[in-house]
Amino acid sequence: MTSTFTGAGPGTAMTGSTRGSDTDTVRMGVFVPSTKVQWSECTDPREVVAFGVRAERTGFDSLWSTDSLLTPRLEALTVLAALASVTEGVTLGTGALLPALRTPVLAAQTLASIDLLSGGRLVLGVGAGFPGPFGQPVYAMAGTPWPNRFTRLDETVALWRRLWTGEGPVSFHGEVLHFDDIRPGIRTFRPGGPPVWLGGATPAALARTGRIYDGWLPYPPDPADYGKGLAAIRNAAAQAGRAGAPITPALFVNTLVTDAADGGRSALDAYAKANYGRPIEEMERIQANASGTPEAVVEQLGRYVAQGARHLVIRIAAADIPAQLDQLDRLVALRPALNALLTRVPGAQDAAGAGDAADVRRR
């Protein structure tokens with residue numbers, strides 16, 4: 001299903017993905033620099049929104065915001081609401097939203113509002129957080145119990161979908177969440193609500209993606225693990241009776257195009273230390289990275305494309321907004337070479353499943 005909304009621009013089609021067909025194109029998204037560590041002392045935070053406008057005009061398919069309470073940053077949904085009013089056709093996504101930071105009912109209303117104001121361009125990458133310093137302290141700050149966090153996440157998404165589609169008062173009783181007679185709020189732009197993609201690559205996360213979610217947004221360092229994970233998701237979907245469901249295969253990847261003699265490794269190290277407080281040697285064991293000349297980056301990203309990735313969500317591994325702006329044209333220029341790889345990938349026409357869930361969620 002494709003919806004058209006003309007309020008954001010003359011005749012602009014708001015489909016959630018605007019360039020290429022569902023199975024024969026590599027789509028490219030980019031994170032906007034909403035974290036304060038990426039700003040200089042002279043940065044006007046509104047430059048984050050201007051960055052998004054520039055990225056859309058450059059040719060990116062999607063814009064993404066991060067979500068956490070650990071470091072100073074613009075709140076993720078506020079960023080997307082601001083971008084909704086100044087962009088026209090680009091998908092707006094969270095990578096990844098932590099629903100545990102918000103009360104479920106209020107979050108459903110906020111998300112429906114952004115989906116409406118964007119004309120149906122919202123995509124929700126969600127996660128439950130990780131053990132250790134990047135996860136459990138965030139739950140403590142939000143006053144949310146850490147145990148049963150995966151069940152809480154799945155039930156929150158189920159509740160959102162009920163609220164986005166229910167005709168009258170909604171009651172919900174799960175293992176963690178319990179609500180009675182919630183008055184219906186506003187409906188989302190799309191009848192089923194925005195697509196929801198799950199981050200994570202554990203066996204349990206893969207199974208849950210296949211059973212429940214509309215897309216997958218992991219960052220495995222090894223492309224082979226991406227292919228194995230995607231196969232597991234499709235198997236879980238088939239076992240759950242969702243063999244024909246459109247599950248978007250996306251990839252979160254730190255990327256830098258550079259002619260530096262070290263292939264950008266020192267720049268990646270500086271970025272990792274500034275954003276995570278850890279060296280690149282440690283982060284590259286956790287996250288996907290691609291750096292070097294245009295040819296080298298195409299080769300590295302192409303390994304994931306060969307394993308089935310079709311929506312590359314890029315976090316530019318550059319220190320500040322000017323440096324990230326300088327990357328935009330260089331990154332978009334890689335897309336023809338990445339698309340050319342699809343002609344060499346067996347079964348490429350089926351790699352995205354039965355369609356792209358960024359366009360519409362069918363349940």
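The values are calculated or read from the model by the stated rules, or taken from the named source; none is laboratory data. As the structure is a computational prediction, the values presented were derived from the model and not from experiment. Cβ atoms come from the backbone with ideal geometry, glycine included; neighbour counts cover every protein chain shown. For the accessible areas, the whole protein counts, side chains as well, though only heavy atoms, and no ligand, DNA or RNA atoms are used. Shrake-Rupley method; radii C 1.70, N 1.55, O 1.52, S 1.80 Å.
Tabulated results
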{"read-out": "Residue count for region 135-181, restricted to those that are touching a residue at least 12 places away in the same chain (Cβ under 8 Å), touching a strand residue (DSSP E or B) at 6+ places or on another chain (Cβ under 7 Å) and assigned to a helix (DSSP H, G or I)", "value": "4"}
{"read-out": "Enumeration of residues in region 278-309 that are in contact with a Ser or Thr (Cβ under 7 Å, 6 or more places away or on another chain) and closer than 19 Å to Ser62 by Cβ", "value": "Ala290, Val297"}
{"read-out": "Filter result (within 19 Å of Trp64 (Cα to Cα) and among the charged types (D, E, K, R)) within region 254-313", "value": "Arg310"}
{"read-out": "Tally, over region 283-305, of residues that are out of contact with any Lys or Arg (no Cβ under 8 Å at 6 or more places or on another chain) and open to solvent by less than 60 Å² (accessible area, probe 1.4 Å)", "value": "15"}
{"read-out": "Residues (in contact with a Phe, Trp or Tyr (Cβ under 7 Å, 6 or more places away or on another chain) and of a type in the set (Lys, Arg)) located in region 166-224", "value": "Arg187"}
{"read-out": "Residues of region 306-328 satisfying the condition of being in a helix (DSSP H, G or I) and either open to solvent by less than 40 Å² (accessible area, probe 1.4 Å) or touching a helix residue (DSSP H, G or I) at 6+ places or on another chain (Cβ under 6 Å) (or both)", "value": "Ile321, Ala323, Gln324, Gln327, Leu328"}
{"read-out": "Of residues in region 115-127 being in contact (Cβ under 8 Å) with a residue 60 or more places away in the chain and open to solvent by 10 Å² or more (accessible area, probe 1.4 Å), the one nearest to the chain's Cα centre (by Cα)", "value": "Gly127"}
{"read-out": "Candidates Ala96, Ala128, Ala55 - the one that is assigned to a loop (DSSP other than H, G, I, E, B) and hydrophobic (A, V, I, L, M, F, W, C)", "value": "Ala128"}
{"read-out": "Number of the exception - Arg190 against (1) of a type in the set (Lys, Arg); (2) touching a residue at least 40 places away in the same chain (Cβ under 8 Å); (3) part of a helix (DSSP H, G or I)", "value": "(3)"}
